[in-house]
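Asks: Sharing a structure with you now.
The values are calculated or read from the model by the stated rules, or taken from the named source; none is laboratory data. Remember, it's a predicted structure, so these values are computed and weren't measured experimentally. Here Cβ is always computed from backbone atoms with ideal geometry, including for glycine, and neighbour counts include all displayed protein chains. With ligands, DNA and RNA removed, areas are computed over all heavy atoms of the protein, side chains included. Shrake-Rupley method; radii C 1.70, N 1.55, O 1.52, S 1.80 Å.
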Amino acid sequence: MISANNITLRVGKKALFEDVNIKFTEGNCYGLIGANGAGKSTFLKILSGQLEPTNGEVVITPGERLSFLQQDHFKYDEFLVLDTVIMGNARLYEIMKEKEVIYAKEDFTDEDGIRASELEAEFAAMDGWNAESDAANLLNGLGIATDLHYKYLKDLTGAEKVKVLLAQALFGNPDILLLDEPTNHLDLDAIAWLEEFLINFENTVIVVSHDRYFLNKVCTQIADIDYGKIQLYAGNYDFWYESSQLLIRQMKEANKKKEEKIKELQEFISRFSANASKSKQATSRKRALEKIQLDEIKPSSRKYPYIDFRPNREIGNEVLSVEGLSKTIDGEKILDNITFTLNHDDKVAFVGGNELAKTVLFKILIGEMEPDEGTYKWGITTSQAYFPKDFGGEFDNDYTITEWLTQYSENKDATYVRGFLGRMLFGGEDGVKRLTVLSGGEKVRCLLSKMMISGANVLLFDEPTNHLDMESITALNNGMIKFPGVLLFTSRDHQIVQTTANRIMEIVPGGKLIDKITTYDEYLESDEMARKRQTYTVETDDED
């Protein structure tokens, strides 16, 4: 068990948390949620001991081991992947290294023998003999191939490093597990594996995530941060949302009844206070009026943008024809004879572990990259808007956000342009913000404004939820569902894929395409999908 007792954290004069008291118990997975800037990651740092609160204390049951997901992706660059995972249990790793030093001695003394015997006993009690196989199983489950286990962390890609650090946090059955955005940079297969791991994990988990499907799948309770306080709700994310909305509705209804009663009492007092025969009744009603207290309903600190993609023209029957597209990069076949035709009502989710393949395909279709072979043709009624995964170049100037968006608008009227920025929560003076000072989330909201103002009837999104908070992701999800045109998109957000796509395309190893008209959940459950995944697992094992 871990508890926060009277935790207060002040940053300057501002209190990020004020007298927070909360207890996290064994057997529960807590989803820590709140608006951007509410302090979710900060609170995890306080719980893990990385940050000292201004007041209060964190108490952990004696003897329990706490593990957390490291955010420094370069900290273990000089260590082997397998060793990095085992470091998740610091004491076990210390024992392994001390044993190595003792057994490497040429002048092995009696004292060394005694010490080695002590270490071996502790090592066995910690199930040390299974440490390497347990670490390997975690890595394999997250998609880190066996041939990478004995490489140095510096030789891995950024996404692979994230998986190794996640395996480190999970290693050794910690009593308390703190995870800050664990699904970031994970492919959908790895996320599904992590979901099953946490569902079966019997100790305490506290997780911060913007992935609603993930929170619904793994959480037994939700800890909601709002206005420096943390309120616990039993159930998953959807249950929290319904409960919190119900509570607000009930308070508003109760206040409405109280306001009606206040009005009734005030009218009686005003009418009869000067009437001698009614004076006692008027006095009695004055006392009753003084006792009525309206419930204070604080507006949430959460803010939802309004995302509405409206095409300037209706799309025709001929949308996109792709024939035999192939692309090789650095000797690797990324796309191999990709062929498909889009219909006017298609919303296509591109899935699969090879993120580069999906990005390359999108860049080819939007005209930013040439294929080695094959052709593609957009219908004459189509117009396209593209959200790139790597959007750094989009903001490589010193425009204000209003100036930046105006260049993409046919209507140059400042009020018209600012209206689209206002929908994305850029109000008032925000319009003169310089691009150079924008956060990642603000840049994404600018790009979504650009796509809305374009009036395109075909939208291509390459991982649009990166950097977005839960409220913006929800708004984007709703906007994608309502969009009357054609969608091509990639996303790690299971809920967006499931609720938006009516067609699934997976680029499998080797660059081939599987194309199915189905929902995402049905696709994952299909017999063909299960056989395909088993085939690739066997092929990988054979190579090892």
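Asks: Quick check on this structure: which one of Ala116, Ala35 is open to solvent by less than 60 Å² (accessible area, probe 1.4 Å), more than 23 Å from Thr157 (Cβ to Cβ) and under 36 Å from the mean Cα position of the chain (by Cα)?
Replies: Checking each option against the conditions leaves just Ala35.
Asks: Any residue in the range 400-417 that is modelled with pLDDT under 90 and open to solvent by less than 30 Å² (accessible area, probe 1.4 Å)?
Replies: No.
Asks: Give the residue, chosen from Thr375, Thr359, Thr382, that is in contact (Cβ under 8 Å) with a residue 40 or more places away in the chain and exposed (fewer than 14 other Cβ atoms within 10 Å of the Cβ).
Replies: It is Thr375.
Asks: In addition: On the phi < 0 side of the Ramachandran plot and not β-branched (Val, Ile, Thr), is that true of Glu442?
Replies: So Glu442 fits the description; yes.
Asks: In addition: May I ask you to say which residue of Ile86, Ile102, Ile144 is in contact with a Lys or Arg (Cβ under 7 Å, 6 or more places away or on another chain) and within 30 Å of Thr183 (Cα to Cα)?
Replies: That would be Ile144, the only listed residue that is in contact with a Lys or Arg (Cβ under 7 Å, 6 or more places away or on another chain) and within 30 Å of Thr183 (Cα to Cα).
Asks: Give Leu9, Leu66, Leu47 a once-over and let me know the one that is closer than 15 Å to Thr204 by Cα, hydrophobic (A, V, I, L, M, F, W, C) and surrounded by 19 or more Cβ atoms within 10 Å (Cβ to Cβ).
Replies: Checking each option against the conditions leaves just Leu47.
Asks: Tell me which residues, restricted to the range 342-354, are open to solvent by 80 Å² or more (accessible area, probe 1.4 Å) and either in contact with a Ser or Thr (Cβ under 8 Å, 6 or more places away or on another chain) or under 26 Å from Ile191 (Cα atoms) (or both).
Replies: Residues satisfying the conditions do not exist here.
Asks: Here's a follow-up. Looking only at the range 455-485, how many residues end up being touching a Ser or Thr at 6+ places or on another chain (Cβ under 9 Å), of a type in the set (Ser, Thr, Tyr) and within 21 Å of Asn502 (Cβ to Cβ)?
Replies: 1
Asks: For the range 175-193, which positions are over 17 Å from Leu139 (Cβ atoms) and in a helix (DSSP H, G or I)?
Replies: The answer is Leu188, and nothing else.
Asks: Quick one: how many residues across the range 138-163 are open to solvent by 70 Å² or more (accessible area, probe 1.4 Å) and over 23 Å from Asp72 (Cα atoms)?
Replies: Matching residues across the range 138-163 total 1.
Asks: Right, next: Pro305 versus (1) under 31 Å from the mean Cα position of the chain (by Cα); (2) at pLDDT 95 or above; (3) surrounded by 14 or more Cβ atoms within 10 Å (Cβ to Cβ): which is the lone unmet condition?
Replies: So the condition that Pro305 fails would be (2).
Asks: Between residues in the range 177-190 that are on the phi > 0 side of the Ramachandran plot and at pLDDT 90 or above and residues that are β-branched (Val, Ile, Thr) and in a strand (DSSP E or B), which pairs lie under 7 Å by C-beta distance while being six or more apart or on different chains?
Replies: Partner pairs satisfying both residue conditions: Glu181/Val208.
Asks: Can you find a residue in the range 464-481 that is hydrophobic (A, V, I, L, M, F, W, C), modelled with pLDDT of 95 or more and surrounded by 16 or more Cβ atoms within 10 Å (Cβ to Cβ)?
Replies: Yes, the range 464-481 contains a residue that is hydrophobic (A, V, I, L, M, F, W, C), modelled with pLDDT of 95 or more and surrounded by 16 or more Cβ atoms within 10 Å (Cβ to Cβ).
Asks: How about the range 308-335: which of its residues are open to solvent by 40 Å² or more (accessible area, probe 1.4 Å), among the charged types (D, E, K, R) and over 26 Å from Thr465 (Cα atoms)?
Replies: Of everything in the range 308-335, those that are open to solvent by 40 Å² or more (accessible area, probe 1.4 Å), among the charged types (D, E, K, R) and over 26 Å from Thr465 (Cα atoms) turn out to be Arg313, Glu314, Glu318, Glu323, Asp330, Glu332, Lys333.
Asks: Something else: Tell me, which residue of the range 240-266 that is without any contact (Cβ under 8 Å) to a residue 12 or more places away in the chain and among the polar types (S, T, N, Q) is farthest from Leu44 (Cα to Cα)?
Replies: Checked the range 240-266; the qualifying residue farthest from Leu44 (Cα to Cα) is Gln250.
Asks: In addition: Return a yes/no flag: does the range 355-374 have any residue that is at pLDDT 95 or above, hydrophobic (A, V, I, L, M, F, W, C) and in contact with a Ser or Thr (Cβ under 7 Å, 6 or more places away or on another chain).
Replies: The answer is no, given that none of the residues of the range 355-374 is at pLDDT 95 or above, hydrophobic (A, V, I, L, M, F, W, C) and in contact with a Ser or Thr (Cβ under 7 Å, 6 or more places away or on another chain).
Asks: Now for a separate question. Looking at the range 88-105, can you tell me whether even one residue there is open to solvent by less than 80 Å² (accessible area, probe 1.4 Å), among the aromatic types (Phe, Trp, Tyr) and without any contact (Cβ under 8 Å) to a residue 24 or more places away in the chain?
Replies: Looking through the range 88-105, at least one residue is open to solvent by less than 80 Å² (accessible area, probe 1.4 Å), among the aromatic types (Phe, Trp, Tyr) and without any contact (Cβ under 8 Å) to a residue 24 or more places away in the chain.
Asks: Still on this model: Taking the residues in the range 200-239 that are free of Cβ contacts under 8 Å to residues at least 40 places away in the same chain and either part of a strand (DSSP E or B) or among the β-branched types (Val, Ile, Thr) (or both) as candidates, determine which candidate is most open to solvent (accessible area, probe 1.4 Å).
Replies: This residue is Gln231.
Asks: Just checking, how many residues over the range 482-493 are under 24 Å from Pro182 (Cα atoms) and either open to solvent by 10 Å² or more (accessible area, probe 1.4 Å) or under 12 Å from the mean Cα position of the chain (by Cα) (or both)?
Replies: Of the residues in the range 482-493, 3 are under 24 Å from Pro182 (Cα atoms) and either open to solvent by 10 Å² or more (accessible area, probe 1.4 Å) or under 12 Å from the mean Cα position of the chain (by Cα) (or both).
Asks: Continuing with the same structure: Just need a number here: residues in the range 326-357 that are touching a helix residue (DSSP H, G or I) at 6+ places or on another chain (Cβ under 9 Å) and of a type in the set (D, E, K, R).
Replies: Final tally of qualifying residues: 4.
Asks: Let me ask something else. Go through the residues of the range 270-293 one by one and say whether even a single one is farther than 30 Å from Tyr241 by Cβ, open to solvent by 60 Å² or more (accessible area, probe 1.4 Å) and in contact with a strand residue (DSSP E or B) (Cβ under 8 Å, 6 or more places away or on another chain).
Replies: No, the conditions are met nowhere in the range 270-293.
Asks: Can you report the number of residues in the range 423-442 which are part of a helix (DSSP H, G or I), touching a residue at least 40 places away in the same chain (Cβ under 8 Å) and touching a helix residue (DSSP H, G or I) at 6+ places or on another chain (Cβ under 6 Å)?
Replies: 1
For every residue, the table says whether it meets (1) aliphatic (A, V, I, L, M); (2) over 30 Å from Ser301 (Cα atoms).
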{"site": "Pro464", "(1), (2)": "no, no"}
{"site": "Asn477", "(1), (2)": "no, no"}
{"site": "Ile481", "(1), (2)": "yes, no"}
{"site": "Val486", "(1), (2)": "yes, yes"}
{"site": "Tyr523", "(1), (2)": "no, yes"}
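Asks: Being assigned to a helix (DSSP H, G or I) and open to solvent by 60 Å² or more (accessible area, probe 1.4 Å) is the filter here, so list the residues in the range 122-137 that pass it.
Replies: Those that are assigned to a helix (DSSP H, G or I) and open to solvent by 60 Å² or more (accessible area, probe 1.4 Å): Glu122, Ala125, Trp129, Asn130, Glu132, Asp134, Asn137.
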